[in-house]
Amino acid sequence: MNILTIFIAIILIQTSVPGLGNLPIGPLSITIIPITVVLAAILLGTKDGAIIGATWGIITFIRAFWWPTSPIAIYVFINPLVSIFPRIMTGLVSGLIFHYLYNKVDKKKWVLVITGMIGSLVNTVLLLSLIYLFYRGNAFNIYHLQVDQLLPYLLGVAGTNGVIEAILSGILVPVIATPLLKFKSKM
């Protein structure tokens with residue numbers, strides 16, 4: 001079994017078992033799946049990071065029809081540009097940032113922190129931007145908000161969940177990736 005298959009299995013588990021891909025903290029649901037995508041991009045490269053992101057996105061898309069994660073998922077995640085594209089870009093951008101900075105910066109830990117935070121933010125910013133772009137006309141039906149309230153609502157989600165997810169990714173990616181990169185270099 002290769003490492004790409006292991007990452008795909010991890011994504012399948014995180015998206016299927018409650019509490020493994022999303023951590024409920026009070027009224028928030030903190031998504032930690034971007035950490036897995038970022039780690040795949042760091043350890044396997046940009047292409048495989050994008051594949052792991054696509055796996056997450058495809059599962060999100062399928063679940064919108066079959067086992068939605070929230071009441072709004074049945075509206076917004078049936079659009080592959082919303083459910084799949086941000087996840088692919090999470091892996092792609094994370095891989096590009098890591099591989100660009102890794103040999104240019106002496107403090108490798110900071111490269112991992114930056115990659116983790118930006119990777120998580122790519123998912124958050126793209127996802128919420130695409131929801132606003134495609135669904136602002138249906139804001140009342142989906143979110144029970146007037147159109148002029150949707151942007152502040154989405155910015156609130158970005159400012160709470162998005163910031164917490166980015167900080168958590170910036171902490172956990174170096175903790176997990178550092179020993180794995182050392183192990184990989186000895187192989």
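Kindly indicate the residue of the range 45-71 that is open to solvent by less than 50 Å² (accessible area, probe 1.4 Å) and of a type in the set (A, V, I, L, M) and also farthest from the chain's Cα centre (by Cα) among those meeting that condition.
The selected residue is Ala64.
Would you confirm whether or not the range 34-44 contains a residue that is surrounded by fewer than 23 Cβ atoms within 10 Å (Cβ to Cβ), out of contact with any Phe, Trp or Tyr (no Cβ under 6 Å at 6 or more places or on another chain), modelled with pLDDT of 95 or more and over 19 Å from Leu121 (Cβ atoms)?
yes
Give the range 72-92 a look and list any residue that's surrounded by fewer than 19 Cβ atoms within 10 Å (Cβ to Cβ) and polar (S, T, N, Q), or say none. Steps first, answer last, please.
Kept after step one, since they are surrounded by fewer than 19 Cβ atoms within 10 Å (Cβ to Cβ), are these residues of the range 72-92: 72-74, 78-81, 85.
Selection gives Asn79 alone.
If you check Phe7 against the conditions, is it over 30 Å from Met187 (Cα atoms), touching a helix residue (DSSP H, G or I) at 6+ places or on another chain (Cβ under 6 Å) and aromatic (Phe, Trp, Tyr)?
It is false that Phe7 is over 30 Å from Met187 (Cα atoms), touching a helix residue (DSSP H, G or I) at 6+ places or on another chain (Cβ under 6 Å) and aromatic (Phe, Trp, Tyr).
Within the range 120-127, does at least one residue satisfy the condition of being over 22 Å from Pro152 (Cα atoms) and either crowded, with 17+ Cβ neighbours inside 10 Å or aliphatic (A, V, I, L, M) (or both)? Walk me through how you get there before you give the answer.
Of the residues in the range 120-127, the ones over 22 Å from Pro152 (Cα atoms) are none.
No: zero hits.
Return yes or no: is Trp56 farther than 24 Å from Val93 by Cα and aromatic (Phe, Trp, Tyr)? Outline the logic, then answer.
Working: farther than 24 Å from Val93 by Cα: no; aromatic (Phe, Trp, Tyr): yes.
Judged against the criteria, Trp56 is not a match.
Looking at Thr90, Thr5, Thr55, which one is in a helix (DSSP H, G or I) and closer than 15 Å to Val122 by Cβ?
Numbers: Thr5 fails: closer than 15 Å to Val122 by Cβ; Thr55 fails: closer than 15 Å to Val122 by Cβ.
Sole residue among the options that is in a helix (DSSP H, G or I) and closer than 15 Å to Val122 by Cβ: Thr90.
The values are calculated or read from the model by the stated rules, or taken from the named source; none is laboratory data. What you see is a predicted model; the values in this text were computed from it and never measured. Every residue, glycine among them, receives a Cβ derived from its backbone with ideal geometry; neighbour counts consider all protein chains shown. We work out accessible area using only protein heavy atoms, side chains counted, and drop any ligands, DNA or RNA first. Shrake-Rupley method; radii C 1.70, N 1.55, O 1.52, S 1.80 Å.
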